[in-house]
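Below: one structure, written as C-alpha cells.
The values are calculated or read from the model by the stated rules, or taken from the named source; none is laboratory data. It should be emphasised that the depicted structure is a prediction, and the values quoted were computed from it without experimental measurement. Don't worry about glycine lacking a Cβ; one is built from the backbone with ideal geometry, like all the others, and counts go over all protein chains shown. Please note that ligands, DNA and RNA were not included when accessible areas were found on the heavy atoms of the full protein model with its side chains. Shrake-Rupley method; radii C 1.70, N 1.55, O 1.52, S 1.80 Å.
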Amino acid sequence: MGWLVPFVQLTEAQRRAVQLSPQRHRIFSGPPGSGKSMVLLHRAASLRDRWRISPRTMAIFVYTKALRRYLRQEAPLLQLDPGIINTLDSWCWHKARELRIREAFRKNPDFPTIREKLAQLLEEQRQWLFDAVLVDEGQDLDEPAYRILRAVARHITVCTDANQRIYERGSSDEQIARWLGLDPSRVAFLDAFRCSPLVSQLAALYLANAAQRDEFLRQVRQGQGDREMPVLFVASSQLQERERVIDVAKTRLARGERVGVLVPSKGFFRPLQQEAARQGLGVAAWEEAEGDGPGVVVLTYHAAKGLVFDTVLLPGIWPGALRHGDETAWERLLFVGITRARKWVFLSTLALPGVQLFAPLVRLLKSPAVEIQRSEPERQLAPSHSPSPDDLRGLV
C-alpha cells in the first residue's frame with residue numbers, strides 16, 4: 001500500500017508545481033501533509049518527460065536515510081531509478097573522498113567541515129555535474145550545502161517547511177531564496193491535505209507564536225479526516241508506559257493501520273521491542289520494516305522527518321530523554337512527531353513522586369485538542385518548570 005498517487009489525483013497547486021519549467025530555480029514551501037515529497041517525485045518524472053532532462057543527469061537529495069528509503073520504495077511507480085535518490089551528506093562524502101578532502105577519510109567524518117571545504121572546491125571548478133537537482137526537507141540544509149548545489153546543478157528545486165526545522169543550523173525560506181538568487185516572493189506555497197483537523201490543532205500548539213499557528217491552521221484543509229481525539233497518557237512507571245503503548249499499537253494494527261512509534265533516542269528501542277515480543281506483537285525498526293502496509297515500526301524523531309503513518313505514538317516525553325537538546329528542542333520535535341500522523345496521535349509521559357508534569361506538555365492541560373488520561377487520577381498535575389535530568393536519573 002504505497003503513498004504515491006497518480007498525477008491526475010494531485011491537487012491543482014501540486015500539478016502546477018510539478019509542471020513548472022526548469023528555466024529558473026524553484027522553492028515549494030508547505031506544511032506537513034502538503035505532499036512535498038510526492039511533488040518532488042512527480043516533478044522528477046516531469047523534468048524527464050516534459051523537459052527532456054536525462055535521468056543520468058538528475059539527482060534527488062534528502063536529509064535522512066529513512067526518507068531516502070521511503071522515496072526509493074515509490075520511485076519505480078514513475079519509472080524513476082531509485083539510485084538517483086540519496087542523502088546529500090552521503091553524496092558529499094563520496095565527492096569529498098574523490099577530491100581528497102582530508103575530513104572525509106576520518107572514522108567519524110566532520111560533515112559541516114566537509115560541506116564547507118567541498119563548496120569551496122566545487123565553486124572553483126565551476127563544472128555542471130547535474131542538469132537538475134531536487135531537494136526534500138531543504139530547511140535542514142545550511143549555506144555551504146546550497147553553495148554546493150549551486151555549483152553543480154543547472155536547475156534546483158527545493159521543498160521546504162520552516163516549521164519542521166529541527167536543527168539550529170537550518171535555513172529559512174528567505175535565506176534559501178537569497179542563496180539561489182531568487183526573489184523571496186517567488187516561493188510557491190502548497191496547502192496541507194493529510195492531517196486530520198484534531199491532529200493539526202494539536203500540532204499548532206507547538207508553533208512559536210500566534211501568527212505561525214494561524215498561518216499553519218489556514219493552510220490545513222478543514223473538514224477532512226477522522227475526528228478521533230488525540231490522547232496524552234500520564235504513566236506512573238516506564239513499564240506501565242510501555243504496556244500501554246503496546247496495547248494501543250495492537251489496537252491500531254487490528255484496524256489495518258500503519259503505526260509509527262517515535263522515540264527520543266535509540267536507547268528506547270530494545271526495551272520496547274522486548275515488551276512487544278512478550279505481548280506477542282512484532283515491532284520492527286524502520287530499516288527492518290518491509291513495505292508500506294499495516295505494521296508497527298519504531299524510529300527516532302529525527303529519522304521520521306518526511307515520513308507518514310496512520311497513527312503516531314510518542315512515548316518517552318521526559319526531561320533528560322533527549323541525548324542532545326533542551327525543552328525548546330522538545331517543542332520542535334513534538335511538532336514534527338505529531339504531524340507524521342494522518343489520523344491519530346498518542347503521547348505519553350511519566351508522573352513520579354515529587355516531579356511535576358514535563359514543561360513542554362503543560363500547554364496540553366487546558367487544550368481542547370487532546371484528552372488527558374492519568375494512571376492515578378487523584379494526582380494533581382500543576383504547571384511548573386521541568387525538573388532537572390538528575391530527578392529522573394536511570395530512566396533512560
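The number of residues in the stretch 69-82 being open to solvent by 50 Å² or more (accessible area, probe 1.4 Å) and in a helix (DSSP H, G or I) comes to 5. Return the residues of the stretch 73-84 that are under 10 Å from LEU41 (Cα atoms) and under 21 Å from the mean Cα position of the chain (by Cα); say none if nothing qualifies. Result: GLU74, ALA75. How about the stretch 96-133: which of its residues are open to solvent by less than 30 Å² (accessible area, probe 1.4 Å) and closer than 19 Å to THR57 by Cβ? Within the stretch 96-133, LEU122, PHE130, ALA132, VAL133 qualify. For the stretch 58-66, indicate whether the set of residues that are farther than 20 Å from ILE166 by Cβ and over 19 Å from the mean Cα position of the chain (by Cα) is non-empty. Among the residues of the stretch 58-66, at least one is farther than 20 Å from ILE166 by Cβ and over 19 Å from the mean Cα position of the chain (by Cα), which makes the answer yes.
Sub-8 Å Cβ pairs linking a first residue in the stretch 105-130 that is under 14 Å from LEU149 (Cβ atoms) and without any contact (Cβ under 8 Å) to a residue 40 or more places away in the chain to a second residue that is open to solvent by 70 Å² or more (accessible area, probe 1.4 Å) and not in a helix (DSSP H, G or I), at least 6 apart or interchain, are TRP128/ARG154, ordered by first then second residue.
Here the helices (runs of 4 or more DSSP H) wholly within the stretch 132-219 that include at least 2 residues being at pLDDT below 85 are 210-219. In the set (1) at pLDDT 90 or above; (2) part of a helix (DSSP H, G or I); (3) farther than 17 Å from ALA66 by Cβ, the condition left unmet by GLN273 is number (1). Annotation: GLY337 fulfils all but one of (1) modelled with pLDDT of 90 or more; (2) of a type outside the set (A, V, I, L, M); (3) open to solvent by 10 Å² or more (accessible area, probe 1.4 Å); the unmet one is (3).
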